[in-house]
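The values are calculated or read from the model by the stated rules, or taken from the named source; none is laboratory data. Remember, predicted model here, so these are calculated numbers, not experimental data. Here Cβ is always computed from backbone atoms with ideal geometry, including for glycine, and neighbour counts include all displayed protein chains.
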Amino acid sequence: MKVGIIGAGAVGSACLTALVARGCAREIVVVNRERKRADGLVTDIQYGAVLCPYAELRAGDYSDLEGAALVMITAGANEKTGGATDRNDPAGRLRLLDTNAAVYQSIVPQLHAVAPQALVLVVTDPPDPLADVVRMLGHECVLSTGTYLDSLRFRFHLARRLEVSPACVDAQIVGEHGTTEVFLWSSARIAGKPVFELPERTSGQDREEFRHEIERQVRYANIAIIEGIGASQHGIGMACARIAEILVRNEPAVIPIASYNAEYGVTLSLPSVLGRRGVARILEPPMSDEERKALRRSADTLKSALARMHFSRS
């Protein structure tokens, strides 16, 4: 499978590294506004790639994306440069929408002209409304990475606290990849046992204190990472490579990922069965009344953010 990456910054670099290491693409093309940066990134990684499953790596222009089955878009301002690292800011990543929608307005028509059948995976923040921007610009086949990484973080922090492997934790986050994301505590389980039936592992905390602590660690993981290394990149790179692997293998894996949902009127995350062309079907999980209301609020937040976006299709 031919995969394209548009954007050779921190996240694009991490996506390329993870794709190569996972060995899930036969050809990978990197496109960047400044071609020299893409050339340098490919040159650097190609030497270590000798140790990985074979893939042809090259820097290119939009014309080189022709025939790509999957194109990841990572270009745009990140949270640090875009001023979206305030833990008390209710807008969160949505603060980047105007800036990055303008970037996408340049990218998407050029991509669509050469690869109209490609599945676009939006990685740039905020990914959910930007996926809708891609649709508004005329490219219908699009996904957002959504809450996939958030859900992995949720599983990790639950596992650490409950002293089990994250692979044994079944826990998901749905809705927006942002401040209104919804933690599905009602269905969070370990070996089929609800996590709140394991009180011996909460160190004397009550349920709400335990829940608040886990949610805080997950919600602000990106900011903690940015404060340490300047960009949240490696985790999302690995998640994107796994998504690519699912798609290229046509593996009917079920993960929380964002696609346009007519019921909610926006792109948001729900557990979905993936196939080669994206989401094959959505498996909306059981939710408590509180969680379902929170999901509606999340959708309304995304709709409000999108209300000011108006683009003409080329």
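Got at least one residue in the range 148-166 being of a type in the set (D, E) and part of a loop (DSSP other than H, G, I, E, B)? Give the steps one after another, and end with the answer.
Here is the first cut: in the range 148-166, the ones of a type in the set (D, E) are 150, 163.
Those still in the list that are part of a loop (DSSP other than H, G, I, E, B) too: 163.
Checking the range 148-166: at least one residue is of a type in the set (D, E) and part of a loop (DSSP other than H, G, I, E, B).
So is K293 within 24 Å of V108 (Cβ to Cβ) and charged (D, E, K, R) or not? Explain how you work it out, then say what you get.
Details: within 24 Å of V108 (Cβ to Cβ): no; charged (D, E, K, R): yes.
Against the criterion (within 24 Å of V108 (Cβ to Cβ) and charged (D, E, K, R)), K293 does not qualify.
Looking only at the range 175-195, which residues are within 15 Å of L152 (Cα to Cα), within 16 Å of the chain's Cα centre (by Cα) and β-branched (V, I, T)?
V182
Since E291 meets every condition but one in (1) among the charged types (D, E, K, R); (2) buried (at least 17 other Cβ atoms within 10 Å of the Cβ); (3) under 19 Å from the mean Cα position of the chain (by Cα), which condition does it not meet?
That leaves (3) as the condition not met.
Going through the range 15-40 one residue at a time, which ones are under 22 Å from the mean Cα position of the chain (by Cα), surrounded by fewer than 24 Cβ atoms within 10 Å (Cβ to Cβ) and in a helix (DSSP H, G or I)?
Listed by number, the residues that qualify are T17, A18, V20, A21, R22.
Mind checking whether some residue in the range 131-141 is within 12 Å of the chain's Cα centre (by Cα) and either surrounded by fewer than 24 Cβ atoms within 10 Å (Cβ to Cβ) or in contact (Cβ under 8 Å) with a residue 40 or more places away in the chain (or both)?
Initial filter on the range 131-141 (within 12 Å of the chain's Cα centre (by Cα)): 131.
Within this subset, residues satisfying the condition of being either surrounded by fewer than 24 Cβ atoms within 10 Å (Cβ to Cβ) or in contact (Cβ under 8 Å) with a residue 40 or more places away in the chain (or both) are 131.
Looking for residues that are within 12 Å of the chain's Cα centre (by Cα) and either surrounded by fewer than 24 Cβ atoms within 10 Å (Cβ to Cβ) or in contact (Cβ under 8 Å) with a residue 40 or more places away in the chain (or both), one finds at least one in the range 131-141, hence yes.
In the range 1-14, which residue that is more than 24 Å from I226 (Cα to Cα) and at pLDDT 95 or above is surrounded by the fewest Cβ atoms within 10 Å (Cβ to Cβ)? First the steps, then the outcome.
Of the range 1-14, the ones more than 24 Å from I226 (Cα to Cα) are 1-4.
Those left that are additionally at pLDDT 95 or above: 2-4.
On the way: K2: 20, V3: 29, G4: 28.
Residue satisfying both the conditions and the ranking: K2.
Restricting to the range 142-174, and then to whatever is of a type in the set (G, A, S) and more than 12 Å from the chain's Cα centre (by Cα), can you tell me which residue is surrounded by the most Cβ atoms within 10 Å (Cβ to Cβ)? Before you say what the answer is, go through the steps one by one.
In the first step, residues of the range 142-174 are kept if they are of a type in the set (G, A, S); the result is 144, 146, 151, 159, 165, 167, 171.
So of that shortlist, the ones also more than 12 Å from the chain's Cα centre (by Cα) come out as 159, 165, 167, 171.
Numbers: A159: 17, S165: 9, A167: 8, A171: 25.
Among residues in the range 142-174 that are of a type in the set (G, A, S) and more than 12 Å from the chain's Cα centre (by Cα), the one surrounded by the most Cβ atoms within 10 Å (Cβ to Cβ) is A171.
Going by the conditions given, is D132 in contact with a Leu (Cβ under 9 Å, 6 or more places away or on another chain) and at pLDDT 95 or above? Spell out how you get there, then give the answer.
Numbers: in contact with a Leu (Cβ under 9 Å, 6 or more places away or on another chain): yes; at pLDDT 95 or above: yes.
Criteria met by D132.
Could you tell me which residue of the range 218-261 is modelled with the highest pLDDT, considering only residues that are more than 21 Å from C24 (Cβ to Cβ) and among the charged types (D, E, K, R)? Working first, answer last.
Going through the range 218-261, the residues more than 21 Å from C24 (Cβ to Cβ) turn out to be 218-232, 260-261.
Right, trim to among the charged types (D, E, K, R) and you get 219, 227.
Numbers: R219: 94, E227: 91.
The qualifying residue modelled with the highest pLDDT is R219.
Given the residues S312, S298, which is the only one that is touching a strand residue (DSSP E or B) at 6+ places or on another chain (Cβ under 6 Å) and either small (G, A, S) or modelled with pLDDT under 95 (or both)? Give the derivation first.
Values: S312 fails: touching a strand residue (DSSP E or B) at 6+ places or on another chain (Cβ under 6 Å).
Step by step, each of S312, S298 is checked, and only S298 is touching a strand residue (DSSP E or B) at 6+ places or on another chain (Cβ under 6 Å) and either small (G, A, S) or modelled with pLDDT under 95 (or both).
Name every residue in the range 71-130 that is in a helix (DSSP H, G or I) and either of a type in the set (D, E) or not assigned by TED's automatic domain parsing to the domain that holds A18 (or both), in order of residue number. Explain how you work it out, then say what you get.
Pass one, the range 71-130, residues in a helix (DSSP H, G or I): 92-114, 127-130.
Residues satisfying the conditions are D98, D128.
Of the residues A224, A241, which single one is surrounded by fewer than 14 Cβ atoms within 10 Å (Cβ to Cβ) and in a helix (DSSP H, G or I)? Don't jump to the end; show me each part of the working.
On the way: A241 fails: surrounded by fewer than 14 Cβ atoms within 10 Å (Cβ to Cβ).
Just a single option satisfies the conditions, and that option is A224.
Sort through V169, V182 and tell me the only one that's over 29 Å from L306 (Cα atoms) and in contact with a Leu (Cβ under 9 Å, 6 or more places away or on another chain). It would help to see each step written out before you state the result.
Working: V182 fails: over 29 Å from L306 (Cα atoms).
Going through V169, V182 in turn, just one is over 29 Å from L306 (Cα atoms) and in contact with a Leu (Cβ under 9 Å, 6 or more places away or on another chain): V169.
Within the group E245, E263, E284, E209, which residue is over 30 Å from S106 (Cα atoms) and out of contact with any Pro (no Cβ under 8 Å at 6 or more places or on another chain)?
On the way: E245 fails: over 30 Å from S106 (Cα atoms); E263 fails: over 30 Å from S106 (Cα atoms); E284 fails: out of contact with any Pro (no Cβ under 8 Å at 6 or more places or on another chain).
Sole residue among the options that is over 30 Å from S106 (Cα atoms) and out of contact with any Pro (no Cβ under 8 Å at 6 or more places or on another chain): E209.
Given the residues G265, G278, which is the only one that is in contact with a strand residue (DSSP E or B) (Cβ under 6 Å, 6 or more places away or on another chain) and either hydrophobic (A, V, I, L, M, F, W, C) or at positive phi (or both)? Show your work before the answer.
Values: G265 fails: in contact with a strand residue (DSSP E or B) (Cβ under 6 Å, 6 or more places away or on another chain).
The match here is G278.
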